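Bear in mind these aren't lab numbers, they're just calculated from the coordinates by the rules spelled out. Please read all numbers here as calculations on a predicted model, not as lab measurements. Cβ coordinates were reconstructed from backbone atoms using ideal geometry, including for glycine residues, and neighbour counts include every protein chain displayed.
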Amino acid sequence: MLFELLTAAAEAAPQNKFGFKEALEQGGFIAYATVVILGVMSFGSFFILITKWIEQNKILSQYKDLKTSFWRAPTLKEGAAKLDKNSAWRQLVDDGLAAEEAHGKMTDALEAHDWLHGSLARSEASINARLAGGLPFLATVGATSPFIGLFGTVVGIYRALINIGIAGSASIDKVAGPVGEALIMTALGLLVAVPAVLAYNYLQARNKRIAELLGGFSTDVLANINSKGAIKPAVPAAPAAKPAAAAPAAKK
């Protein structure tokens, strides 16, 4: 008896004809296409944010090893062997050492210095370009997704006006669906744009910090090569070994 009453009450309750799904169905192909495009943009933005954040964190964590292990090595080659093979810092050292080997063919010392400086600058530029990969996509999403949502909004308002013209009156049941669709598209456009802009600014700021660290490390490597290893940045002293515990006195 109770089940029958609940079923009858559910059937008697008014059905919502203006939900998200219903709005998409009324919008047809244009509404679905707009949602799919915005969905792809949103997925791409979060994918780039996560992958770039991991890449940046890896480079920043590797920077700590430069003062604890790299600069304590007697030569750059031995120090480079302590760094990760595919790290940005290892790339700078390897490119600097390769330039040092090649500059022996130059007779002018000034040209040799410029060659070393240019080689390290190119290495820095390639690392910074790799770190900046994907950021243009975030900027594009942040700039265009509101307009894509606005396109869906315009289509929804246009459909509402058509319904008003056909019905001859602006009754709520004629315009609620298209207007609801228009508002949904506007909200989706903003929902995609705001995280993309925030992610772009956040990653860009971290890239600038990494570029500063790369520039300083490149300068230190150049000075070390030109001075034949005499110039090195100050490194913290190695932690002193703990004294061994005194052996207990032997009993007489």
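Treating r as the C-beta distance of Leu183 and Ala223 and R0 as 51 Å, the FRET efficiency rounds to 0.25. Computed extension gain for Ala121 through Thr144, at 0.36 nm per residue and net of the alpha carbon distance, reaches 4.9 nm. Kindly write out, for region 67-72 in residue order, the coupling ³J(HN,Hα) from the Karplus curve 6.51 cos²θ - 1.76 cosθ + 1.60 (θ = phi - 60°), rounded to whole Hz, with x marking Gly and Pro. Rounded to whole hertz, the list is 7, 8, 9, 5, 6, 7. Cross-link pairs exceeding 24 Å between alpha carbons, from the set Lys77/Lys232; Lys77/Lys208; Lys82/Lys208: Lys77/Lys208; Lys82/Lys208. Site pair Phe29 and Asp114 shows an inter-label distance of 6.2 nm when each label is modelled 7 Å from Cα along Cα→Cβ.
Modelled label positions at Asp84 and Phe137, each set 7 Å beyond Cα in the direction of Cβ, lie 2.1 nm from each other.
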